[in-house]
Amino acid sequence: MRPFLPLGLALLVSLAAHAPVPALTAEQIARQVQDRDTGRDSRADFRMKLFDRRGRARERALSLLTLRGREAPGAPGTAPDGDRLLIRFTYPNDIRGTAFLVWKHPKGEDERFLYLPSLARVRRIAGREAQESFVGSDFSYEDIGGREFDEYSYALLDENASWTGPDGAARPAYRLESRRKDRSVEFPRVASLVLKDTFVVVQADIYNRRDEKQKVYAVKRLQQIQGIWTVIESSMANDLEKTRTELAVEKIEYNTGVKEEAFSRRALETAPPARGGEAPE
């Protein structure tokens, strides 16, 4: 037997059940993208392919370490003040040992460091260099190491966009615009597709100062690993230069117990293990 509800209370319950979910603002969507679950830490091996304007390919191998800062949802109080990231190239020999380190600071300017073994020195990547090419690829340091959230303003271009994945199924998405507050940078505007259910960026059109769409980021494969939505294959194409860079995950593990010590300046200069001089499979 259904419990009796006074008419007024029954009406309120009915209205609450059918009330629309408050729409997210553009900034809230951008925050969700930044704060989405990527584990407390991760270890990964990647394969990178760089294609020149003639379609000729060069291949590289790199490793990635990440650690979330204490402001990330679920992060312990012992975590660093901001996220940490370390990329180290392991193949081929002419780039082996090159490493990129990022210390993100929620209340200050992020720090980026590049170690070049040929010069045996660490070079700080200044904020004005963040949109330059990352080690000759079509990705920028900002694409790889993350953007400064407060350096951008956000607008919702389309609340009912969609993305068609590799399986041919359409998934609901937001189309989000991010505009750099400093309009003098090389790429001041990005229009991204953000999946509504996971807040993963699956496609982005990147515009130069002349407001030409110059670069396009695209996710080719998305998969759940240990319950975390992970971009397995992606590409960045430069339509003006006619070049393209592809990134593919060969192996990834989350929540492995990575320590903050792994992201020190000294760790940046540590030589990677030898791969025997052969290209990755």
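Coordinate-derived values only; no laboratory data. All values reported here derive from a predicted model rather than from experimental measurement. All Cβ positions, even for glycine, are placed from backbone atoms using ideal geometry, and neighbour counts span all protein chains on display.
A few remarks follow.
- A simple spin-label model places the labels of LYS213 and THR78 4.8 nm from each other, with each point 7 Å out along Cα-to-Cβ.
- FRET efficiency for GLU241 and LEU119, using Cβ-Cβ distance with R0 set to 35 Å, rounded to 0.05: 0.85
- Ordering LEU119, ILE225, GLN214 by the projection of their Cα atoms onto the charge dipole of the chain, which places +1 on the Cβ of Lys and Arg and -1 on the Cβ of Asp and Glu, puts LEU119 at the extreme positive end.
- Full-stretch length increase - HIS105, ARG54 - with 0.36 nm per residue and alpha-carbon distance subtracted: 14.3 nm
- Spin-label pair SER162/ILE228, simplified geometry with 7 Å Cα→Cβ offset, distance in nm: 3.1 nm
- A cut-off of 5 Å between modelled amide H atoms, ignoring neighbours fewer than 5 places along the same chain, links LYS215 with ILE206, ASP239.
- Shape class of the stretch 24-268 from the Cα gyration tensor (axes a ≥ b ≥ c, square roots of the eigenvalues): rounded, since a/c falls below 1.5.
- Cα shape, the stretch 84-140, gyration tensor, a/c 1.5 rule: prolate
- Surrounding net charge for TRP229, when Lys and Arg each add one and Asp and Glu each subtract one, Cβ distance under 13 Å: +2
- Dipole moment magnitude, nearest 20 debye, the chain about Cα centre, only Lys, Arg, Asp, Glu C-beta charged: 320 debye
- Proximal charge balance of ARG171 [Cβ under 11 Å; K/R count +1, D/E count -1]: -1
- Taking label points 7 Å from Cα along the Cα-to-Cβ direction, ARG179 and GLU129 give a separation of 3.0 nm.
- Acute angle (nearest 10 degrees) that the helix 7-18 long axis makes with the longest principal axis of the chain, alpha-carbon atoms: 20 degrees
- Stretchable slack from GLU261 to ALA155, in nm (0.36 nm times residue separation minus alpha-carbon distance): 34.4 nm
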